[in-house]
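Read the structure below first, then the notes.
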Amino acid sequence: MAHRQFTAHAARFDLSGKHALVTGGTRGIGMMIARGLLQAGARVIVSSRDANACAEAQRLLSEFGDVQAFPADLSEHDECQRLAEMVKADSERLDILVNNAGAMWREPLETFPAQAWDTVLDLNLKSPFWLVQALLPALCEAGTAEDPARIINIGSIGAIHVAESPNYSYASSKAALHQLTRVLARELGPQHITVNAVAPGVFPSRMMAATIDAIGDTIAAKTPLRRLGRDDDMAGVAVFLASRAGSYLTGAIVPVDGGTATTASGT
């Protein structure tokens, strides 16, 4: 009979000693994930374009563990490189990279501007790729066959089904990020790095505030679980993907939306 190795329940989700970077980690989904990783024992760096937001997030998150915040505008290639250098200066290895920083642009088709493509694609699609490039040595340093390094890209259910709002560049960028996740998973698996994406539904955040105010109750009513996302829903899936419990999963797109995208009837 083949030997089976069982891990204690708590140890499956323990991130003690791990080093993580969460982009866009000063608010919304990024802060939910950062808090979850900290509570699981990881040492976390968060980033944001806004230096004041970084300082406030570091103050709030320090209650949960060892956290630093670095300002960086990740829509710029040079800024991705600069952030990567700061992360590598802090530690030679990076166990967990969460590419969460993102932008959305809603505008009708007739007036949708060229800038809406450049702004959204640069941050939502190019910056995750640039950060993987720049941080690959640190990820390789951390990953082993038994415990790979983890890349977690934050996609969207807007890339799985068609939302009603006119967010052409956003939906396209997230669909491309899902495919980039699969491509990188195949390439980086032999280097002991897993690459997965989380596709969130509607969670409380500044990006979604106007939508929730306008139709939040309607969205919740159409969800099989009859509610919107909560902080622990996002923290939980991130900890799972980053921990031993998720070490044999790569190339997956995990919808965290109460079942909306995966049970849509089309009616």
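Where a number appears in this text, it was derived from the coordinates with a stated rule and is not lab data. No experiment lies behind these values; they were computed from the predicted model shown. Cβ atoms come from the backbone with ideal geometry, glycine included; neighbour counts cover every protein chain shown.
What does the charge add up to near ALA197, with Lys and Arg as +1, Asp and Glu as -1, over the other residues with Cβ less than 12 Å from its Cβ?
Values: positive: ARG150, LYS174, ARG182; negative: none.
Result for the local shell: +3.
Label-to-label distance, ARG230 versus ARG186, with points set 7 angstrom from Cα along the beta-carbon direction: 3.9 nm.
Cβ under 14 Å from ALA138's Cβ, ALA138 left aside: what net charge do those residues give with Lys, Arg +1 and Asp, Glu -1?
On the way: positive: LYS18, ARG43, LYS88, ARG93, ARG150; negative: GLU85, ASP90, GLU92, ASP95, GLU141.
Net local charge, ALA138 excluded: 0.
Using the Cα gyration tensor of region 103-168, with a ≥ b ≥ c the square roots of its eigenvalues, what is the shape: rounded (a/c below 1.5), prolate (a/b larger than b/c) or oblate (neither)? Oblate.
Compute the Cα gyration tensor for region 1-109, then decide on rounded, prolate or oblate, letting a ≥ b ≥ c be the square roots of its eigenvalues: rounded whenever a/c is under 1.5, prolate when a/b is larger than b/c in the other cases, and oblate in all that remain.
Numbers: a/c = 1.89, a/b = 1.71, b/c = 1.10.
The shape class here is prolate.
Rounded, prolate or oblate: which fits region 10-256, taking a ≥ b ≥ c as square roots of the Cα gyration tensor eigenvalues, rounded meaning a/c under 1.5, else prolate when a/b beats b/c? The shape class here is rounded.
Anyone know which of ALA138, ALA42, ALA51 comes out most mobile in the 10 Å Cα GNM of the chain? Largest GNM mean-square fluctuation: ALA51. Between the amide H of VAL195 and those of ILE151, GLY251, distances stay under 5 Å, these residues lying 5 or more places away or on another chain, with hydrogens modeled in the peptide plane. Magnitude of the charge dipole for region 10-256, about its Cα centre and with charges confined to Cβ atoms of Lys, Arg (+1) and Asp, Glu (-1), is about 620 debye.
Highest GNM mean-square fluctuation among LEU21, LEU249, LEU188, for the chain modelled with Cα contacts below 10 Å: LEU249. Other residues with beta-carbon under 9 Å from the beta-carbon of GLY258 carry, at +1 per Lys or Arg and -1 per Asp or Glu, a net charge of 0. As a rough footprinting exposure proxy, the listed residues ILE157, ILE152 were ranked by other beta carbons within 10 Å of their own, and the order from fewest upward is ILE157, ILE152. Ranked by how many other Cβ atoms sit within 10 Å of their own Cβ, fewest first, the residues CYS80, CYS54 fall in the order CYS54, CYS80.
Cβ crowding within 10 Å ranks LYS88, LYS126 as LYS88, LYS126, fewest other Cβ atoms first.
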